[in-house]
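FYI, it's all coordinate maths here, none of it is from the lab. All values reported here derive from a predicted model rather than from experimental measurement. Cβ: placed from backbone, ideal geometry, glycine included. Neighbour counts: every protein chain shown.
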Amino acid sequence: MLALGVFAFEDGLLVALGQPGEPIGWRSWLWVLLDLSIPAQVIAALATLRQRDRLEAELVAAAHRDPLTGLPNRTGFTEAASAALAAVARVGRPVVGAMLDIDHFKAINDGWGHAAGDAVLREVATAMRGVLRPGDVLARVGGEEFALLLLGVDTEAAQHLLERLRAVAAMVPHPGAPERRVTLSAGLAPVQGLGLAALENGLRSADGALYAAKAAGRNRVMLAG
């Protein structure tokens, strides 16, 4: 379209200039201006289309991502986990699901404000993301709750990895006092089988283990069953 506009402008320019020695009338200049506007209109239309495509991509990303932490939200986790499970299905590797929760997060929000709570969420998410391996899927699925899918590890290796997550979370400063630290509780369970039904069952078991970890005093990792 842009090339057609350039050709139209060139043709209009030749018509407007006419033969040597002939006067150039105002109508000829008007045709030149009209022909010149065609490439400009094409460029503007292309820019509008690019901007529309960019906005659509941003809206799709926003629907799948938590704006506070930058992690996938529940919808994004389901999609990423489905793709990950399909990948491990081809090689038959084990999969472990985990649920994690920031301990006493309500007390942080109530005692030091939601801005402090948001800062803790962002820093904990960043710290955990730095520990995980490529292919692992971490998402924020609730207020202070995170879901995690670990690929190619058994429950023992997964427990070691979750202990590392707990350790890096403890490095996040608590808004209340320098000597206090943020702690995590976590539950994990193997994902038996493939597909979303197997994932949901595994995460349900991991969630039960998470509640058991909290009941046992928090700041610990527990295996389902």
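Just order 171-182, 207-218 by mean Cβ neighbour count inside 10 Å, highest at the front, would you?
On the way: 171-182: 13.7, 207-218: 16.3.
Ranking, from highest mean packing down: 207-218, 171-182.
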Along the Cα→Cβ direction, 7 angstrom out, place labels at Glu156 and Ala87. What is the inter-label distance in nm? 2.6
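Can you check what the net charge comes to around Thr69, using other residues whose Cβ is under 10 Å from the Cβ of Thr69 (Lys, Arg +1; Asp, Glu -1)?
Value of the local net charge: +1.
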